[in-house]
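One structure below.
The values are calculated or read from the model by the stated rules, or taken from the named source; none is laboratory data. All values reported here derive from a predicted model rather than from experimental measurement. When we count neighbours, we look across all protein chains shown, and the Cβ atoms used for this are built from the backbone with ideal geometry, even at glycine. Surface accessibility is based on the protein's heavy atoms, side chains included, excluding ligands, DNA and RNA. Shrake-Rupley method; radii C 1.70, N 1.55, O 1.52, S 1.80 Å.
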Amino acid sequence: MSEQLAVPLTGWGESVPIGLPRLVLFRIGTMCLVELQKLRHDRTELITRAIQPALWLLVFGETFTRLRAIPTGNVPYLDYLAPGILAQSALFIAIFYGIQIIWERDAGVLTKLMVTPTPRIALVTGKAFAASVRALVQALVVLVLAALLGVGLTDNPFKLLAMAAAVILGSSFFCCLSITIAGLVLTHDRLMGIGQAITMPLFFGSSALYPVNLMPGWLQAFNHINPLGYEVDALRGLLIGVPAELGLDFGVLILASAVMIIIASALLGRLAR
Amino acid sequence: MTAPLAVRGTAIRHRFGDTVAVDGVDLNVPAGMVFGLLGPNGAGKTTTLRMITTLLPAPIGSIEVFGVDVARHKLAVRRLLGYVPQQLSADGALTGRQNVALFARLFDVPRARRRHVVDLSLESVGLTDVADRTAGTYSGGMIRRLELAQALVNAPRLLVLDEPTIGLDPIGRASVWDHIGEVRASTGMTVLVTTHYMDEADQHCDRIALMHRGRICALGTPAELKAGVGPDTTLDDVFRAATGDRLASDAGERMRNVRATRRTAHRLG
Ligand SMILES: Nc1ncnc2c1ncn2[C@@H]1O[C@H](COP(=O)(O)OP(=O)(O)OP(=O)(O)O)[C@@H](O)[C@H]1O
Ligand SMILES: [Mg+2]
């Protein structure tokens, strides 16, 4: 067996000199693959996590549709709500990834990955990808349920693709936001507290549940700097065809997630200290 | 001495808040050796290894691995390393094979050889039969062997092991060392290892540094160290002589460090 293990003294790594951009792409691919492998091992969780958004649609949506308490113009409230719930479920999944990365740090797994020739940005992007995949699975569940409840959704494949892109961008942003906070507070308990403290304002400070013009002025101002607001706007425009500033929405989402990925990568190293 | 150095650490220092964990250490590990870093709990061994493996910054002093500066060329240094941390750690959500394959990918083992290399690595640590079970179902000893397979899959030039045999039964301990010996015989890999088992250190290390309170207080071959204390001595005696008289004063701190170690030594899936 020792003779089979005879390998060049230099190791294989050194025999493949590749530039940094290609290295980053390779590593991102590897980390995404690994996240898919992990997701395959907990398929049931993928589904059970869709129960909460389903309940929001069924209970909250059906009730408020009947109450007609929230004026949404000529759009039925359930139709108005469905894209908001989609964005919400993606947010709740993504925020969880900061906690997951602290678990992986505590389990020593992250530390070991950090001693491999893997740029931090690839580790972070792998997590953003995993959050996106989960969010898309949930999006599918929410959309099917919404369609069953009679929500008038688009059947334009391009709009559906654009919707997926918005979900991916939103999930990446909030996943990286969560990892950033993890890199700042470093412990599980503190992150749990902060995670809960920020998800609620993010959610209620967006147009997920009600139109912006119903909000008090200061909340409207917050909605303007809240990426969730732009995600909801894009999803609503694409899915149920209400007027939306898609260019602005996507511009903000792309910029915000790019910046967040970089900040999260810069702070990731703190977790290993 | 012109022998090439696997690690050249010059006046390295690290502090956590008020605790000076490593306090001006010069550490030269000649290439091709098994170099043991010994010392009581809290001596600063793990901290030293974490600086060498690029996990902790070394703001004071400098570290080179095979001549590559650790502060400036982190990625290049990591390519040369295999690392098994003190804490048992394998991704419990992945199978054993996926855990090893991940490291093969991260070290750019060419795709054509990857499957073969991964199979060989698993076989060499005796995990072939359980390779497709998730690592979360492995025992502590199995995880240790899996970690060794991960660390060796890229044929590292420097293998850094932080208490590799902690929690292993005697047969497991022997097989870890056998395996390291086999890889060394075929690749000439350098090994930097910490352990609390003096018999292991005596038997397997070519050279030993004894650390105490962040400093190196004795350095030499096991034979030299033993001869320095007296005739018919063991490494245990060397350990006691180098650190023993100061033990009583910081017994409290030692206990705390043991507890911290226990806490991190448990298995996480
Ligand atoms: N992350 C940390 N934060 C604060 N203090 C730390 C940290 N890690 C280590 N220390 C302190 O630094 C000192 C050296 O710790 P280190 O883990 O390097 O010791 P060690 O020689 O590896 O001990 P052991 O044999 O118990 O593993 C100890 O006093 C420890 O309490
Ligand atoms: Mg230690």
Selection count, the range B:189-209, where residues are within 23 Å of B:Leu152 (Cβ to Cβ), more than 16 Å from ligand 2 (Cβ to nearest atom) and charged (D, E, K, R): 2
Condition met for B:Pro85 (within 16 Å of ligand 2 (Cβ to nearest atom) and crowded, with 19+ Cβ neighbours inside 10 Å): yes
Pick from the range A:29-59, criterion open to solvent by 40 Å² or more (accessible area, probe 1.4 Å) and either in contact (Cβ under 8 Å) with a residue 24 or more places away in the chain or not in a helix (DSSP H, G or I) (or both), ranking: nearest to A:Gly152 (Cα to Cα): A:Leu58
Helices (runs of 4 or more DSSP H) contained entirely in the range B:31-131, each with at least 1 residues that are of a type in the set (Phe, Trp, Tyr) and in contact (Cβ under 8 Å) with a residue 40 or more places away in the chain: B:96-106
Every residue from the range B:59-77 that is exposed (fewer than 14 other Cβ atoms within 10 Å of the Cβ) and under 20 Å from B:Val191 (Cβ atoms): B:Gly67
Any hit, the range B:134-150, residues being in contact with a helix residue (DSSP H, G or I) (Cβ under 6 Å, 6 or more places away or on another chain), at the interface with chain A (Cβ under 9 Å from one of its Cβ atoms) and assigned to a helix (DSSP H, G or I): yes
Odd one out for B:Asn154, checked against (1) in contact (Cβ under 8 Å) with a residue 60 or more places away in the chain; (2) more than 16 Å from ligand 1 (Cβ to nearest atom); (3) farther than 15 Å from B:Val29 by Cβ; (4) not in a loop (DSSP other than H, G, I, E, B): (4)
Among the residues listed as B:Asp26, B:Asp18, the single one being farther than 25 Å from B:Asp108 by Cα, away from chain A (no Cβ under 14 Å), of a type in the set (Asp, Glu) and away from ligand 1 (no atom under 11 Å from the Cβ): B:Asp26
